[in-house]
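Here's the structure, in structure tokens; my notes come after.
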Amino acid sequence: MERKQDSMRDDSHMDSEDSRYHLGFLRRTTQLLSRYGIETHGIVPVPAEERLETRWYQLFFVWFSSCMNLLTFSTGAAGPAFFSLGVRDSIAIIVIVDLVCCLLPGFFAIFGPKLGMRAMVQARFSWGYFGAIIPTILNVFSSEGFLILNCIIGGQTIASLSSQLDDTLGIVILAIVSLVITFCGYRVIHWYESVAWIPNVIAFIVMLAVGYPQLSENLSAPAPPATLANVMSFASFLTSNIIGWCPMIPDYGVYHSPDASSARIFIYTYLGFFVSNVTSQALGAAFAAAAPSVPAWNAGFDNSSSVGGLLHSCKVVSCRAS
């Protein structure tokens with residue numbers, strides 16, 4: 001009996017040592033990863049003493065970079081391409097919708113620094129512990145759709161650069177690069193987003209410069225009258241593009257200091273969304289409306305199915321013509 005008890009004590013001691021070793025290993029690994037800026041914090045609210053970031057301009061650039069891209073460009077292009085709207089009507093709808101809808105992301109951004117809590121955790125206070133599963137699942141589907149569209153459009157753009165690449169390979173390349181960045185976490189993403197807008201803005205400026213003659217000619221071209229159904233459909237499409245960000249917006253401010261005024265957080269976020277969305281979407285609408293009258297652009301656009309091809313053909317063909 002005593003031998004049996006001693007054996008049980010030895011087994012318990014060994015299990016305790018193994019558990020302590022694994023916990024120590026995990027703790028050391030976590031400390032190592034956090035030292036290099038990798039995100040190690042889970043869904044537990046970030047304590048106030050760790051919310052020390054005071055570079056509030058990051059809340060502008062993280063959303064300016066996120067929306068100053070091809071996906072937002074393609075959202076604006078949908079007006080002429082899919083809803084049969086003229087460029088003037090499309091841009092007017094874009095400005096009005098963005099003015100109103102960007103208020104929501106600005107409001108949701110306040111909760112990040114103030115609570116230090118991820119958005120999906122915040123949902124538990126209004127939906128309940130198990131009820132929060134519903135908006136969480138919906139958010140997963142919404143995010144997956146966003147990622148799929150990003151990969152497709154980005155893959156098309158990469159594929160248009162070389163005949164050796166196809167859309168599938170371009171999608172794989174973009175997906176892998178995006179996956180690597182997501183593992184880096186909060187601080188690295190904020191640093192990345194503070195510079196990621198630069199090549200996108202340069203590309204749009206070049207595209208606008210070389211395509212301006214065709215765009216100016218298209219402005220005077222007659223456009224079909226806008227119907228209420230098309231206007232409402234396009235407005236709804238634009239709205240979904242913006243409010244789809246709301247379930248994740250607080251997550252990008254959980255390490256920022258809660259000392260900032262709510263108005264300051266709101267303004268930075270609102271401007272980040274509004275400036276980037278209006279600019280990208282208006283450019284998309286302008287180029288999509290002009291594409292049918294420019295054969296080379298229309299070929300790159302591939303019957304409104306390849307925004308990446310449109311971007312590439314606009315710059316390459318226009319540069320050759322000049």
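Just so it is clear, none of the values below were taken in a lab; they were calculated from the coordinates. Computed from a prediction, not measured in an experiment: that's the story for all the values here. Using ideal geometry, Cβ is built from the backbone for each residue, glycine included, and neighbour counts are taken over all protein chains shown.
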*Which of CYS101, CYS246, CYS67 comes first, and how do the rest follow, when ranked by fewest Cβ neighbours within 10 Å?*
CYS246, CYS101, CYS67
*Spin-label proximity, VAL201 to segment 99-124 - amide N less than 14 Å from point 7 Å beyond Cα toward beta carbon*: none
_Full-stretch length increase - TRP191, SER84 - with 0.36 nm per residue and alpha-carbon distance subtracted_ = 34.6 nm
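Hey, with R₀ at 30 Å, roughly what FRET efficiency would TRP127 and SER261 work out to, going by the Cβ-Cβ distance, to 0.05?
The computed FRET efficiency comes out at 0.55.
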*Given +1 on the Cβ of Lys and Arg, -1 on the Cβ of Asp and Glu, and no further charges, what dipole in debye does segment 36-321 carry about its Cα centre, rounded to the nearest 20?*
280
*Counting Lys and Arg as +1 and Asp and Glu as -1, each charge on the Cβ, what is the dipole of segment 28-167 about the Cα centre in debye, to the nearest 20?*
460
_Neighbour net charge for ILE249 - beta-carbon separation under 15 angstrom, K R +1, D E -1_ = 0
*By how many nm would the segment from VAL95 to THR168 lengthen if fully extended, with 0.36 nm per residue of separation less the alpha-carbon distance?*
22.8 nm
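Taking Cα atoms of segment 36-321, Rg/Rh with Kirkwood Rh, to two decimals? Before the final figure, lay out each step's value.
Values: Rg = 19.9 Å, Rh = 20.0 Å.
In segment 36-321, Rg relative to Rh is 0.99.
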*Can you tell which of PHE146, VAL254, VAL206 lies farthest toward the positive end of the dipole of segment 36-321, using +1 and -1 charges on the Cβ of basic and acidic side chains (Lys, Arg; Asp, Glu)?*
VAL254
*For segment 150-271, calculate the relative contact order in percent as a whole number, restricting contacts to Cα pairs under 8 Å that are 6 or more residues apart.*
13
*Taking the Cα centre of segment 36-321 as the origin and placing charges on Cβ (Lys, Arg +1; Asp, Glu -1), which of VAL97, SER66, GLY42 is farthest toward the positive end of the dipole?*
VAL97
*With a 10 Å Cβ neighbour count serving as the proxy for reagent exposure, in which order, fewest first, do HIS256, HIS190, HIS41 appear?*
HIS41, HIS190, HIS256
